[in-house]
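The values are calculated or read from the model by the stated rules, or taken from the named source; none is laboratory data. Note that this is a predicted model, so its numbers are computed, not measured. Note: ideal-geometry Cβ built from the backbone for every residue, glycine included; neighbour counts use all protein chains shown.
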Amino acid sequence: MPDSVPRPRIRELIRDVSRSERSDVPETITDQDLMVRLSDGEVEALEGLYDRYSSLVFSIVVRVLTDRQLAEDVTQEVFLRLWRRPWSYDPERGKFRSWLMSVTRNRSLDERRRVVRRLRQEDRNDDGMPEIAAPGRFHDPQLEAVLADERRAVREAMTRLPPAQREVIELAYFGGLTQVEVAALTGEPLGTVKTRIRLGIQKLRVALVGLRAEDSRDAEGQR
């Protein structure tokens with residue numbers, strides 16, 4: 001699957017702009033300058049930012065959502081937000097690229113949560129997390145019960161992690177991103193991401209052992 005998205009007809013998506021011919025944006029113009037021009041209503045600035053960053057944005061979104069068509073829609077939403085709310089970027093708080101990755105991450109995770117909620121409602125599954133396994137096409141009540149217990153245990157263990165560790169593990173293991181992509185998405189150094197994942201996995205293992213021990217004691221007490 002190529003990590004790219006077709007260039008939208010921005011002038012058709014944005015109705016309140018002139019129909020003048022598009023002029024290419026020189027690569028020497030900085031992102032911050034483009035955002036200033038975008039604040040003045042120049043659609044060419046939006047097109048320039050899209051040309052620069054759409055592939056990166058799309059690659060992150062499609063890995064989180066694992067749905068190409070949905071990822072294309074979300075990618076366009078991210079850039080349309082730039083057009084509608086250019087003032088939401090504050091250059092004093094960091095680089096444009098890092099801010100855009102944060103916007104992309106938040107929008108992708110919001111959409112993923114929406115999809116999970118919809119699937120959960122359709123399947124009457126109250127787990128609230130992506131499936132870690134599936135029973136397949138053969139109905140096996142015992143297997144389904146075991147998988148439900150595993151999902152419950154993982155969900156409970158995840159709640160015991162510090163937020164920063166939980167975030168990178170969700171992106172890496174449930175979102176399917178590489179550590180490099182997680183670093184780009186969160187704006188954290190790669191070394192920090194690796195450390196958080198390593199520590200988070202260690203704590204998850206300890207938490208899962210503890211939860212299974214509790215379940216065993218409960219089972220023994222019911223005998």
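Which count do you get for residues in the range 48-69 that are touching a residue at least 40 places away in the same chain (Cβ under 8 Å), part of a helix (DSSP H, G or I) and not aliphatic (A, V, I, L, M)?
Qualifying residue count for the region: 9.
Scan SER20, SER4, SER88 and give me the residue that is at pLDDT below 85, over 15 Å from the mean Cα position of the chain (by Cα) and within 30 Å of ALA172 (Cβ to Cβ).
Result: SER4 is the single residue among SER20, SER4, SER88 that is at pLDDT below 85, over 15 Å from the mean Cα position of the chain (by Cα) and within 30 Å of ALA172 (Cβ to Cβ).
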